[in-house]
Amino acid sequence: MLLTTAAARRVVFVGGKGGVGKTSVASALALSQARAGRRVLLVSTDPAHNLGHLWQCEVGPEPRSLAERLDAIEIDPDATVAAHLQQVGDALRRLMPAHLAGEVGRHLALSQDAPGMHEAALLERIAELVHDGLHSYDLLVFDTAPSGHTARLMALPEMLSAWTEGLLQRQTKSERFGAALRSLGRDDGIGGRALGGETPSATPADRDQAIRSLLHRRRHRFEHLRNVLADAQCTAFFIVLAAERLPVLETIELHAQLARAGIDVAGLVVNKRSPHDAGPFLATRHRQEAVHLLALHEALPSLPLQEVPLLASDVVGMDALDAFGDLLGTDVNPSAPRPPANPVSS
Ligand SMILES: Nc1ncnc2c1ncn2[C@@H]1O[C@H](COP(=O)(O)OP(=O)(O)O)[C@@H](O)[C@H]1O
Ligand SMILES: [Mg+2]
């Protein structure tokens, strides 16, 4: 299910709780698509990165090659915030009169730890990677942070593009106001006062224009990301989970959160499924898991679901990832009800 769906998409997000197997699934998926001839970029947005451990090499904020046609990036949240603030600071300093430069600096220093700053910076980076990555790669695979964080992130493009739109409208008003003043023969910088007053280098009209184009670029990026995320032909979101009570409940909740953000979940991966034929202990677990999976199926009946067995050893290195990828291919018919093979209650 997973592989056939991914083969038909340009962007894949892999989400779920910590430790369920997101990085393993994202990596195996990316590798198998690269093996199939597509150029793939694998991006980890989880601050608790573990691509490096899995691939047994250093992965950082710049793309590095992991296999033929497969590159990877780990987004560094602190560096992303720093770069984001640097960019904002540069723009502000260019646009504000010189005597306010200290003010800008203080504001940005405070912003570093402001709530939502990491998310905003991360989203900006994701938007940039999606925008640019779609030109250079056939497939982008995002290995995301645990559920709540990702769901909030997915709702952000909508918010940020609305917010930018609001700023643009205010900007238009202030531009009109400035133009009206100028037409009254009072072009003395008052039109730009809302942005910090007079500056020797840039005229108010210059500043208005510069701010407009900055806001436009930002809005364009967020809109692009939002459109990509909402386009089920282009993007697939997979949730990885364990067949346990809480993860099942959280998956149902994450599915609802994503639906509210306009994102369709393409399928579920139930990872580390216990074998039914490896002794009585695991057989009991297998039956217990089946009960939870039945609840999952009842809540999300039409969602394709892929089971991946619990393996004897960790998923580390290329051979293990190839083998793991093979396990992602087996289809489970989504429409057929799947009662547990051996319900605990019977
Ligand atoms: N099907 C599986 N069987 C056994 N171990 C697994 C399986 N899938 C993943 N693992 C192991 O579980 C751990 C967590 O997997 P990982 O992909 O890093 O999860 P996440 O990225 O969601 O935190 C890793 O040590 C990985 O090797
Ligand atoms: Mg991970």
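The values are calculated or read from the model by the stated rules, or taken from the named source; none is laboratory data. This one's a predicted model, so the numbers in the text were calculated from it and none came from an experiment. Glycine also receives a Cβ, built like all others from the backbone with ideal geometry; neighbour counts cover every protein chain displayed. These area figures cover heavy atoms from the full protein model, side chains too; ligands, DNA and RNA do not enter into them. Shrake-Rupley method; radii C 1.70, N 1.55, O 1.52, S 1.80 Å.
Computed values, structure above
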item	result
For the range 257-265, 3J(HN,Hα) per residue [Karplus equation, 6.51 cos²θ - 1.76 cosθ + 1.60, θ = phi - 60°, Hz, x = Gly/Pro]	4, 5, 4, 4, 7, x, 10, 8, 7
Residues with amide H under 5 Å from that of Leu305, placed H, sequence gap 5 or more	Leu268, Val332
Accessible-area value, Asp113, 1.4 Å probe, nucleic acids and ligands omitted, Å²	130 Å²
Where labels lie 7 Å past Cα in the beta-carbon direction, separation of His99 and Glu128 in nm	3.4 nm
Residues whose placed amide H lies under 5 Å from that of Val316, excluding near-sequence neighbours	none
Additional length obtainable on full extension of the chain from Leu311 to Leu167, 0.36 nm per residue less Cα span	46.6 nm
Cα gyration tensor shape for the range 1-90, rounded if a/c is under 1.5, else prolate or oblate	prolate
Solvent accessible area, Å² - Thr5, 1.4 Å probe, full protein context	30 Å²
1.4 Å probe accessible area per residue over the chain, in Å²	48 Å²
Order of exposure, largest accessible area first, which applies to Met1, Met159, Met96 with probe 1.4 Å	Met159, Met96, Met1
Residue-averaged 222 nm ellipticity for the chain, from DSSP H runs of 4+ at -39500 (n - 2.57), nearest 500	-18000 deg cm²/dmol
Gyration tensor (alpha-carbon) shape descriptor, the range 77-121, a/c threshold 1.5	prolate
Surface share of carbon and sulfur [accessible, 1.4 angstrom probe, percent] for the chain	56 percent
Taking N as its residue count, the alpha carbon Rg of the chain over 2.2 N^0.38 Å	1.20
Rounded to whole Hz, the Karplus (6.51, -1.76, 1.60) HN-Hα couplings of the range 291-298, x for glycine and proline	4, 5, 5, 5, 4, 4, 5, 5
For the range 8-25, Karplus couplings with θ = phi - 60° (6.51, -1.76, 1.60), whole Hz, Gly/Pro x	9, 10, 9, 9, 10, 10, 10, x, x, 5, x, x, 7, x, 4, 5, 5, 5
